[in-house]
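This report refers to the structure that appears directly beneath it.
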Amino acid sequence: MSVEFHHGAGSVERCYPPDCLSDNHDHHQLLVGLDGRVDVEVEGRGAAVVPGGVCVIPAAATHHYLGLGIDNRCRVLDLPVGQDAIDALFERIRFLCLSPEEARGLDDDALLARLGGAPPWYGPRLNMARLTRLVQDDPAAPWSLARLAEAASLSERQLRRSIFEATSQSPWQWLQGQRLARAERLLITGDATITEIALACGFADGAQFSRHFRRWRGMTPSDFRRRP
């Protein structure tokens, strides 16, 4: 769940969590980067939203987002469907580029007017939201460095550098974190055994999973599940 506070009359500021979450709504939405980085994927297209980056999300478009670091902030503006001028801005998914000063300083009307002449925004080549979703959808897959790089459409060297720039982790450390995060959710929401969860999340057995989980959370999976 994102942390939200008001920016002005219509837009709000949000800090997004370090979990890959999904959304779909019946209104248009602008996501404007203010601080840090939020990776967004909209209907298969993705980009990293950093200060000045703008993501144009049309109504009914399924999108996924992932906050990187605790200091990310985005300005979010929800807009109704059915007004011709607004609908025209949201005819397609777009990633645009403003200056950080424009992103912070323009009021909502000026921001919308500015989008017509804003250049495309590409951002970092690795979209962590998309890669995170792929891994968390199938954590037990044999995710080698080569397979991760292929999924990200990067070379192995580019992937190593990009993951480190985004998370300060190696690809292996990041992958283990994703598997453990998925396992933690299964411990909370399901009734599968520890061994079943371990195998479903890519660990060799329950003992290996328990060792990694204890280093990660400071307690065994069984103790974590028994918490009040």
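What does the charge dipole of the chain about its Cα centre add up to, to the nearest 20 debye, if the Cβ of each Lys and Arg holds +1 and the Cβ of each Asp and Glu holds -1? Mind showing how you got there, number by number?
Details: 26 positive and 29 negative charges, 254 e Å.
Dipole size: approximately 1220 debye.
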Taking the chain as a Gaussian network, where each spring joins two C-alpha atoms under 10 Å apart, which residue of V54, V32, V81 fluctuates the most? V81
Taking the Cα centre of the stretch 138-226 as origin, work out the dipole magnitude from +1 charges on Lys and Arg Cβ and -1 charges on Asp and Glu Cβ, in debye rounded to 20. 300
In the chain, taking the dipole from +1 charges on Lys and Arg beta carbons and -1 charges on Asp and Glu beta carbons about the Cα centre, the listed residue (A181, G52, F203) farthest towards the positive end is F203
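At 222 nm, what value in deg cm²/dmol follows for the chain if DSSP H runs of at least 4 each add -39500 (n - 2.57) and the sum is divided by all its residues, to the nearest 500?
On the way: 10 runs with 94 residues, N = 228.
Counting only the DSSP helices, I get -12000 deg cm²/dmol.
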Would you mind ranking V40, V76 so that the residue whose beta carbon has the fewest other beta carbons within 10 Å leads the list? V76, V40
So what's the net charge close to N72: Lys and Arg +1, Asp and Glu -1, counting the other residues with Cβ under 12 Å from its Cβ? 0
HN-Hα J in Hz across the stretch 40-54 - Karplus 6.51, -1.76, 1.60, θ = phi - 60°, x for Gly and Pro: 10, 10, 10, 6, x, 9, x, 7, 8, 8, 10, x, x, x, 10
Under 17 Å from a label point 7 Å along Cα→Cβ of D71: give me every residue in the stretch 157-176 with its amide N that close. 165-169
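On full extension of the chain, what length is gained from A192 through N24, given 0.36 nm per residue of separation minus the C-alpha to C-alpha distance?
On the way: separation 168, 0.36 × 168 = 60.48 nm, distance 2.95 nm.
Answer, rounded to one decimal: 57.5 nm.
Can you give the Kirkwood hydrodynamic radius of the stretch 138-226 from its Cα pairs, in Å with one decimal? Intermediate values should be presented prior to the final figure.
Numbers: mean 1/r = 0.0729 Å⁻¹.
Computed over the stretch 138-226, the radius equals 13.7 Å.
Would you order D71, D23 from fewest to most other beta-carbon atoms within 10 Å of each residue's own beta-carbon?
Working: D71 10, D23 13.
Sorted ascending by nearby Cβ count, the order is D71, D23.
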Residue separation between D138 and S99 times 0.36 nm, minus their alpha-carbon distance, gives in nm 10.3 nm
Share of Cα-Cα pairs in the stretch 3-115 beyond 20 Å, in percent? 33
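Hey, could you get me the Stokes-Einstein D for the chain, Kirkwood radius over alpha-carbon pairs, 37 °C and 0.692 mPa s, rounded to whole µm² s⁻¹? Mind dumping the intermediate values first?
Working: Rh = 18.9 Å.
The diffusion coefficient I find is 174 µm²/s.
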Rounded to the nearest Å, the spacing of the alpha-carbon centers of the stretch 100-171 and the stretch 29-67 is 10
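Bear in mind these aren't lab numbers, they're just calculated from the coordinates by the rules spelled out. Quick caveat: nothing in here was measured; it's all calculated off a predicted structure. Neighbour counts run over all protein chains shown; Cβ positions are idealised from the backbone, glycine included.
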